Every structure is written in structure tokens, then in C-alpha cells.
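Visitor: Let me begin by handing over the structure; questions about it come next.
The values are calculated or read from the model by the stated rules, or taken from the named source; none is laboratory data. Please read all numbers here as calculations on a predicted model, not as lab measurements. Every residue, glycine among them, receives a Cβ derived from its backbone with ideal geometry; neighbour counts consider all protein chains shown. Heads up: the accessible areas ignore ligands, DNA and RNA and are worked out on the full protein's heavy atoms, side chains in. Shrake-Rupley method; radii C 1.70, N 1.55, O 1.52, S 1.80 Å.
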Amino acid sequence: MALPNTSVITIERFIIAQERQFPEATGELSNLLYDIALGAKIIAAAVRRAGILEILGSAGAVNVQGEEQQKLDVFANEALKNSMGHTGRVAVMASEEDEELIAISEGTPPGKYAVLFDPLDGSSNIDNNNPVGTIFSVYRRLSMEGNGTLKDVLQPGRNQVAAGYVMYGSSVMLVYSTGQGVHGFTLDPTIGEFVLSHPSLRIPPVGKYYSVNESYFGRWSRAMQRAVRGFHGDFPDRIPAKNSRYIGALVADFHRNLVSGGIFLYPAEQNRPEGKLRLCYEASPLAFIVEQAGGAATDGARRILDLTPTWLHQRTPLVIGSKSDVEFVAAVLAEGDGLPVGNRRSSDRAG
Ligand code: AFP
């Protein structure tokens, strides 16, 4: 039997090595990332168990301690709050699951970071044993003292000091950036550690895939319809045709496109004029990651990282992924709704 490699780079070792490059670093951010990794492991264990609970009948299920099972997204939310709330590293938190700001635990001194998270994105996928994810975003607080305030969490995405996501798929992966590239770790269940598996991820400039929920095609602007037709291969002079892949869990769709090259779109549509995804919990952190990997993210026109949220649960259209593909969409949208959707331009017709 092959023995495991004893020189694996765990996430802790990697974070510490990165921190050493900055002699002025206090280690607080490193520890905060490690707290998040711990929360992710707790969530991963529960997600794995969710499958079997589903099979055994989860509704109203009672666990071994005789407690009623919590919904998994509520559990994930609590797990993250608990992994960070008592450490003295955080001044305030905000979660997609909570209407209001989350104050740090009473009696804990406030730290210098504001953390925002979507604890279990794509949670409806759990019922079908499909992947789900956690997304997080870290800012340095702006307020000077006491508990953090709204001002600390409503910052433009370009101010992030770290962001990342965890994907609970066939294996569990944690991908993060502190502004020094993007690094991916895979949870080794035999030792219970995230180990470095994808150092310095770079997204290909032109992607293989496009990911969008095309059942909304008829509700998009004509310009957006034209952009997606481009991915079908309707404008071969401007953009090569792509393969379609859509899981319906942002982290999983994003992760595939980050690794293999591709573009994810959640455009505005008639029923959702601002799109569906949240700026603070989904778009901004993934935009930080994608830019660090050499890609791009816009709302169709504006760079996501330049948008300043005005409220916690603000939504935004999102176009994110390989740089040339995101630029193609921006160019087509800039042409406006005047051009016909399906007709190829004469210059685009072959021969
Ligand atoms: P759920 O958490 O309700 O499953 O929503 C997931 C999500 O926010 C994101 O992960 C997906 O990319 C997107 O919604 C899918 O939305 P559509 O079902 O409208 O395509």
C-alpha cells in the first residue's frame, strides 16, 4: 500500500509562508483565514452527512443527540459565525442568511476585519446531491473603534484584503486569494487538512465554456441575447463557439470556468431587473478571485470591484470569467438593443 506523502503543504503552512513575505504582518489575517478553513471543514462534514439524511428521510430527522436536524444553510451560517465570532480578529460580520449586520460575540474584543459570507450557496442543490459552496470576503474595517458598522461592510470590492470560496463537490476544495494570486487546496479526509493542490491558478484568456440559465433567454435584453448567440457560434469572426455547462450553483459553475476557462453570466431579466446574485456575498468576492487569476468581472458594463454597495443585500447582474469572453459581452452590450438578435452581421457570415 502506498503511504501518504509526508511533505504536503497544508493551508496553514501555506498561509504562514505567504505572511512571512510581509514582515509587518501581525498574523491576524492568516489566523482569520484559518478560522474560515475550520468553519469550512465543519460545514463539509455536515454536507457529506446531508446525503444520507436525505435518503433516510431528513424532514424532522433527529440526530444521535436527540436534537432535531437544522436546515443545512442555517447550520452553515452558524458554523461560520462561531468559527470567527469569538476570536478577536473580527469587528463585524454580514451573511446572506441574515437581514442585519452580525455583531461579534459579547465579551469578545473587536478585531480589525469585516467578514461577509454566503454560507451555503446553491443550497437547493443539496436535495439532488449536487455541489454547493461557501463564499467569503474580507475587508479591513474603516470604523475606528468599538464594534464594526455598516460602513465597514459596504465597501467597494477592490478594497477586499482576501476573498475565497469552498466547493463541496466530489472533493472539498478551498480557493482563496489575499491579492497574491489564487491558490486552491483540497481537503484530504484522511488527515482532515486542506492541502495545496492548485497553486497560482490562472484562468485561460478565452474559455471553453459558457454558463448561463438559458431558460430565461426570452426575458433578456436583445443585446444580451445576441451575446449568448455569440457563444452558440453565430459570430465566428468575433468569438469562437463554446460548450454550454450550467450546474445552477455559482461556486461550482465558477470553479469549472476558473480552472478550464469559461464565462458565467447571470444577466438582468424582465422578472429580475437587477439580476439575482448579491454584490457583497457573491459577485464581489468572486470578482476579486477572477481578477487575481487574470480574468474579469463586470455587471455587463462596469467592473464589479468598482461598485460600492448601498445596502447589504444588493443584487447585481454578473458577467465573470475569461477576460476576452467578458470583454466580448461588454462590447456586444455596448452596441445596444438596436441590432437584431439572431441575424449574423454580413461581416460575420462565412465565405
Ligand atoms: P439557490 O441557493 O436558491 O439554489 O440559488 C443558487 C444561486 O444563487 C447561485 O448559486 C446560482 O448560480 C443561481 O442561484 C442559479 O439561479 P437560477 O436557478 O435562476 O439559474
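Visitor: Which of (1) open to solvent by 90 Å² or more (accessible area, probe 1.4 Å); (2) at pLDDT below 80 is the odd one out, the single condition GLY60 does not satisfy?
Guide: (1)
Visitor: Before we move on, is SER143 among the polar types (S, T, N, Q), modelled with pLDDT under 95 and either more than 21 Å from LEU80 (Cβ to Cβ) or part of a strand (DSSP E or B) (or both)?
Guide: Spelling it out, SER143 is indeed among the polar types (S, T, N, Q), modelled with pLDDT under 95 and either more than 21 Å from LEU80 (Cβ to Cβ) or part of a strand (DSSP E or B) (or both).
Visitor: I need every pair where a residue in region 331-342 that is in contact (Cβ under 8 Å) with a residue 40 or more places away in the chain and within 14 Å of ILE239 (Cβ to Cβ) has its Cβ under 7 Å from the Cβ of a residue that is assigned to a loop (DSSP other than H, G, I, E, B) and of a type outside the set (Phe, Trp, Tyr), sequence separation at least 6 or different chains.
Guide: LEU333/GLY300; LEU333/ALA301
Visitor: Testing LEU142 on (1) open to solvent by 20 Å² or more (accessible area, probe 1.4 Å); (2) within 16 Å of the ligand (Cβ to nearest atom); (3) touching a residue at least 12 places away in the same chain (Cβ under 8 Å), one condition comes back false. Which one is that?
Guide: Among (1) open to solvent by 20 Å² or more (accessible area, probe 1.4 Å); (2) within 16 Å of the ligand (Cβ to nearest atom); (3) touching a residue at least 12 places away in the same chain (Cβ under 8 Å), the lone unmet condition for LEU142 is (2).
Visitor: May I pose another question? Could you please tell me which pairs satisfy a Cβ distance under 7 Å, a separation of 6+ or placement on different chains, a first residue in region 101-130 that is of a type in the set (Phe, Trp, Tyr), and a second residue that is open to solvent by 60 Å² or more (accessible area, probe 1.4 Å) and more than 16 Å from the ligand (Cβ to nearest atom)?
Guide: Pairs that qualify, where the first residue is of a type in the set (Phe, Trp, Tyr) and the partner is open to solvent by 60 Å² or more (accessible area, probe 1.4 Å) and more than 16 Å from the ligand (Cβ to nearest atom), are TYR113/ARG140.
Visitor: Here's something else I'd like to know. Restricting attention to region 162-178, does a residue exist that is in a loop (DSSP other than H, G, I, E, B), within 16 Å of the ligand (Cβ to nearest atom) and surrounded by fewer than 24 Cβ atoms within 10 Å (Cβ to Cβ)?
Guide: Yes, that holds for at least one residue.
Visitor: So which residues in region 214-230 are in contact (Cβ under 8 Å) with a residue 12 or more places away in the chain, within 16 Å of the ligand (Cβ to nearest atom) and either assigned to a helix (DSSP H, G or I) or open to solvent by 40 Å² or more (accessible area, probe 1.4 Å) (or both), if there are any at all?
Guide: GLU214, TYR216, ARG219, MET224, VAL228 - these are the residues of region 214-230 that are in contact (Cβ under 8 Å) with a residue 12 or more places away in the chain, within 16 Å of the ligand (Cβ to nearest atom) and either assigned to a helix (DSSP H, G or I) or open to solvent by 40 Å² or more (accessible area, probe 1.4 Å) (or both).
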